[in-house]
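Heads up: the structure comes next, in structure tokens.
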Amino acid sequence: MSTAEIPITVVSGPLGAGKTTLVNRLLNDPGDRDIAVVVNDMGELNVDAELVASEADDGVVDLSNGCICCRLQDDLVTEVTRLAETRSFDYLLIEASGISEPLPIARALTGESNEGGLPERLRLDTTVSVIDAYGFWKAFDPAESLPDAAPDPERPLTEVLVEQVEFCDVLLLNKCDMVPDDALDAVEAEIRELQPRASLHRTTYSEVDPTRVLDTRRFDFEAAKRHQGWKQALASDGTEADHDHDHDTDHDHTHDEGVSAATAHGVESFVYRRDRPFHPQRLDAWLDDWRGNVVRAKGFAWVASRPEAVLGVSQAGPSVQAGPIGRWGDDDPETRLVFIGRDLDEDAVTRELDECLATTDERRAAYPDDPFPRESA
């Protein structure tokens, strides 16, 4: 058995984005590589594995009826290790299910989680997210008129979709033929606010040069965690971005006179900071009122009902999660929320959030009906 290093590319992305099409393209054009594949699906029948197996002579592992970012992490490590010990190949592709978050998969493969990691000769090389440009457009702009020829897919799981965008080394913006050019530019500008680090390629039918996604050596766990758009916004605001209680980059293309794509399409971000706690019910009600122009809100909040707790807030489109993630400890309590979106009215959002702050009397009140934690989608 060869002891040569085996790189791994993990392919994530929402249902129907084009992941299996990408994997089959790579199998049909592997260069001088002998590629093995692990395919994950949530259902008992792994349809994607069948489609991949039709293109591959051997070496397709089917991980079905669970998600490799959570309940099947141990199975993933076990099967990848077994595959490396029993079959000769020099590159491994892992196609995650449509609801898998790439960060926990990376943790499992690198030993950052409790699963122990892989043998040393197996190396995570690249994390790729395949994003359906049409689906992203619809998810975050549901009132937008859509091309007559386009299908009508269900709204994607926006929270997972955003996390797939935020944690990757390479991003394929796929199905670009289904979105008008001006809207496509706006989608790319939004994605760049969410993900400033990854190399981004516009594709149709997942057609991309294999060298863009194989043997890139782009994976850097710490950089991938810390260079998400919302963390960069907090850092540039003079705030410590990494509050975990738990650029090797393509730059925005520019328009006339050096105007960035984000600016040209009204895509922007701002940070809301206050050293007074929120009234929990008013904040909860405000979180229910999603604005179509807010693509992402993320950060940490201080609420009067839990004065010692850090409340993590994560909003992606209409999906909102908010709940305690730790304690302030020696840190001074302070709300720090990043908003990313199109044509944001910073003054209006700031004014509305200020109206959610607790008064002096309310800070001393009891809150038997604390609405947090909360989760909606």
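Quick notes
- Complete set of residues in segment 89-100 that are at pLDDT 85 or above and either part of a strand (DSSP E or B) or open to solvent by 30 Å² or more (accessible area, probe 1.4 Å) (or both): ASP90, TYR91, LEU92, LEU93, ILE94, GLU95
- Residue in segment 69-79 that is closer than 18 Å to SER12 by Cβ, surrounded by 22 or more Cβ atoms within 10 Å (Cβ to Cβ), modelled with pLDDT under 85 and not aliphatic (A, V, I, L, M) present: yes
- When MET42 is tested against (1) touching a Ser or Thr at 6+ places or on another chain (Cβ under 6 Å); (2) modelled with pLDDT of 60 or more; (3) open to solvent by 30 Å² or more (accessible area, probe 1.4 Å), exactly one condition is not met: (2).
- For LEU344, the criteria (1) in contact with a strand residue (DSSP E or B) (Cβ under 6 Å, 6 or more places away or on another chain); (2) within 16 Å of GLU193 (Cβ to Cβ); (3) buried (at least 20 other Cβ atoms within 10 Å of the Cβ) hold in every case but one, which is (3).
- Hits in segment 344-377 (condition: part of a loop (DSSP other than H, G, I, E, B) and in contact with an Asp or Glu (Cβ under 8 Å, 6 or more places away or on another chain)): LEU344, PRO371, PHE372, ALA377
- Qualifying strands (runs of 3 or more DSSP E) (wholly inside segment 269-328; at least 2 residues being within 28 Å of GLY135 (Cα to Cα) and charged (D, E, K, R)): 294-301
- Any chance ALA316 is open to solvent by 10 Å² or more (accessible area, probe 1.4 Å) and not charged (D, E, K, R): no
- Residues (under 25 Å from the mean Cα position of the chain (by Cα), closer than 20 Å to ASP370 by Cβ and among the polar types (S, T, N, Q)) located in segment 264-314: SER314
The values are calculated or read from the model by the stated rules, or taken from the named source; none is laboratory data. Remember, it's a predicted structure, so these values are computed and weren't measured experimentally. All Cβ positions, glycine included, derive from the backbone under ideal geometry; neighbour counts span all protein chains shown. With ligands, DNA and RNA removed, areas are computed over all heavy atoms of the protein, side chains included. Shrake-Rupley method; radii C 1.70, N 1.55, O 1.52, S 1.80 Å.
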